[in-house]
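Every number in this text was worked out from the coordinates using simple rules, so none of it is lab data. This one's a predicted model, so the numbers in the text were calculated from it and none came from an experiment. No Cβ is skipped: glycine too gets one built from the backbone with ideal geometry, and neighbour counts run over all protein chains shown.
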């Protein structure tokens with residue numbers, strides 16, 4: 001086995017280990033990456049946006065089912081008048097923190113992708129996840145990366161309205177409001193203020209859920225299965241790494257042995273040593289003698 005073959009096989013093993021290690025992680029859906037993608041899409045696709053105009057953000061076909069839109073509005077206008085946009089009713093006296101002259105409000109509807117990005121333990125989502133996010137804006141870009149907080153009046157919160165037709169599952173159960181974090185996890189639960197309406201006091205992600213014991217059992221079973229698979233994958237990865245180390249060690253030993261053999265062959269070709277027979281054994285003999293013998297008197 002030569003050095004070139006060892007390198008090829010070593011690279012193949014390394015590639016397999018990398019794929020094997022990260023194949024599970026690649027299945028995760030990251031909201032931060034999606035958020036950055038939507039910002040970039042809005043900045044590239046919506047040329048010369050006007051303040052006060054509601055724009056739909058075009059998404060590629062592989063995101064079919066999601067709906068994203070954006071509105072650039074003056075902070076003073078939002079504070080004085082508020083407004084009804086998408087599924088959100090914004091009351092007056094809302095102020096961005098830190099203060100900026102204009103803000104870009106992104107409205108998100110995750111549609112049938114909601115359960116891939118978000119999870120509510122022991123509950124089942126019965127509506128899509130709706131989001132309201134505020135960003136800084138400028139002439140250089142419609143939606144900048146700086147996230148803004150919205151100061152919302154305590155006595156006059158924002159209202160999120162869900163369509164009754166969205167609700168699926170058991171009709172006899174009364175849904176409750178759920179706030180979700182950017183990492184997809186549950187932040188808090190709250191009763192609806194009126195049918196299919198949630199009152200919120202901060203920007204973020206919201207949905208309606210119903211308790212589900214069966215869902216909890218199924219999730220527990222899935223978690224157990226996932227733990228078993230993680231253990232199996234860990235052991236498998238360890239064995240692969242061990243085999244890889246052994247393989248590299250063997251390659252190194254083989255290459256060293258071949259190098260020594262080549263050196264020995266080269267040295268044998270460079271030095272000519274005579275041979276003579278002693279009985280049935282062949283013995284080396286020098287072809288010449290440096291000092292000629294002299295007889296002593």
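So here's what we get for this one:
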read-out	value
Gained length - residue 237 relative to residue 262, 0.36 nm times residue gap less alpha-carbon distance	5.3 nm
Net lengthening on full extension, residue 115/residue 62 (0.36 nm per residue, minus Cα-Cα)	17.5 nm
Share of Cα-Cα pairs in region 30-220 lying beyond 27 Å, as whole percent	29 percent
Region 139-163 versus region 77-96: alpha-carbon centroid distance in Å	8 Å
Computed lengthening from residue 252 to residue 147, 0.36 nm per intervening residue step minus Cα-Cα distance	32.4 nm
Within region 145-165: backbone nitrogen closer than 19 Å to the residue 97 label point (7 Å, Cα to C-beta)	146-159
FRET efficiency for residue 186 and residue 161, using Cβ-Cβ distance with R0 set to 22 Å, rounded to 0.05	0.55
Gyration tensor verdict on region 79-118 (Cα atoms; rounded if a/c is under 1.5, prolate if a/b is larger than b/c, oblate otherwise)	prolate
